[in-house]
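Below is one structure, written out as structure tokens, with a few remarks after it.
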Amino acid sequence: MPASKVWVTGLTVGAIAAVTVLAVQANKGPHPKAPAAARPNASASAHASTSPKPHVTAAAVPASSGTGRRIVYAVGQKRVWLVDASDKAGRTFAVWPGTVSPEPGKYTVSVRKDATTGSDGVQIENIVYFATKSGLNIAFSNAVDGSSPPPAAGKETGGVRMGKADGAALWAFGTTSTKVIVVK
């Protein structure tokens, strides 16, 4: 084999090895749920500058949120916890609140709906209604396409949106009559 072909073959093998090492290293690093740029602007119940952060397992359930099996929604933290009967949070995640938030207090899941069109025209699913305020229904949901940009200017929305996986988890957990505790 000519020396130039041996050199090219060696260079190719070296490049493949380097790419393989980089791929293995990248696979071991942290993986975000979805890149922010992948979220299309279609949902109207969130603020663009307040995209939720990935799951945080260390976030403590607010002390003022009661006891027993419940959904805890901390309005100021823009975070939800799904708490089991032993007071352990099985899941916590950030949310995109609408422009109208429920008052702190105790609520229950009143109605659940598989899917519909939100007041902003976005297709939503896993809708779990738990409160009303100023004539608006307040519910947890997720956009079918996973998006959650800012609300339409001047529009009041009561949707508390979340990512698709979190919406599915809340839907499975939040059956009718499940307690919902809202804290500041």
- request: Can you find, among 121, 132, 146, the residue farthest towards the positive end of the dipole of region 106-149? Put +1 on the C-beta of Lys and Arg, -1 on that of Asp and Glu.
  value: 132
message: Less than 17 Å apart at the alpha-carbon level, and either on another chain or at least 8 residues along: which aspartates and glutamates does that give for residue 164?
response: 114, 125, 145
message: For residue 155, give me every one of the aspartates and glutamates with a C-alpha distance below 14 angstrom, ignoring sequence neighbours fewer than eight places off in its own chain.
response: 120
statement: Using the Kirkwood radius over Cα pairs of region 105-153, the Stokes-Einstein translational diffusion coefficient at 20 °C and 1.002 mPa s, in µm²/s and rounded to a whole number, is 184
statement: Rounded to the nearest 10 Å², the accessible area of residue 183 using a 1.4 Å probe with every protein chain kept is 10
statement: Once 173, 93 are ranked on solvent-accessible area with the largest value leading and a 1.4 Å probe, the list reads 173, 93
- prompt: How much length, in nm to one decimal, is gained on full extension between residue 67 and residue 132, taken as 0.36 nm per residue of separation minus their Cα-Cα distance?
  reply: 21.1 nm
- prompt: Taking a probe of 1.4 angstrom, what is the accessible area of residue 103 in Å², to the nearest 10?
  reply: 100
query: How about residue 184: which aspartates and glutamates have a C-alpha closer than 12 Å to its C-alpha, ignoring those fewer than 8 places off in the same chain?
result: 103
query: With all protein chains present and a 1.4 Å probe, how do 75, 180 order by accessible area, largest first?
result: 75, 180
field: In sequence order, calculated HN-Hα J values of region 99-107 (Karplus, 6.51, -1.76, 1.60; Hz; x Gly/Pro)
entry: 7, 10, 10, x, 6, x, x, 9, 9
task: Calculate one ³J(HN,Hα) per residue across region 167-178 by plugging θ = phi - 60° into the Karplus curve 6.51 cos²θ - 1.76 cosθ + 1.60, and present them in order as whole Hz with x for glycine and proline.
output: x, 5, 5, 5, 4, 5, 7, x, 6, 4, 6, 5
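The values are calculated or read from the model by the stated rules, or taken from the named source; none is laboratory data. The model shown is predicted, which means the values in this text are computed figures rather than measured ones. Here Cβ is always computed from backbone atoms with ideal geometry, including for glycine, and neighbour counts include all displayed protein chains. For the accessible areas, the whole protein counts, side chains as well, though only heavy atoms, and no ligand, DNA or RNA atoms are used. Shrake-Rupley method; radii C 1.70, N 1.55, O 1.52, S 1.80 Å.
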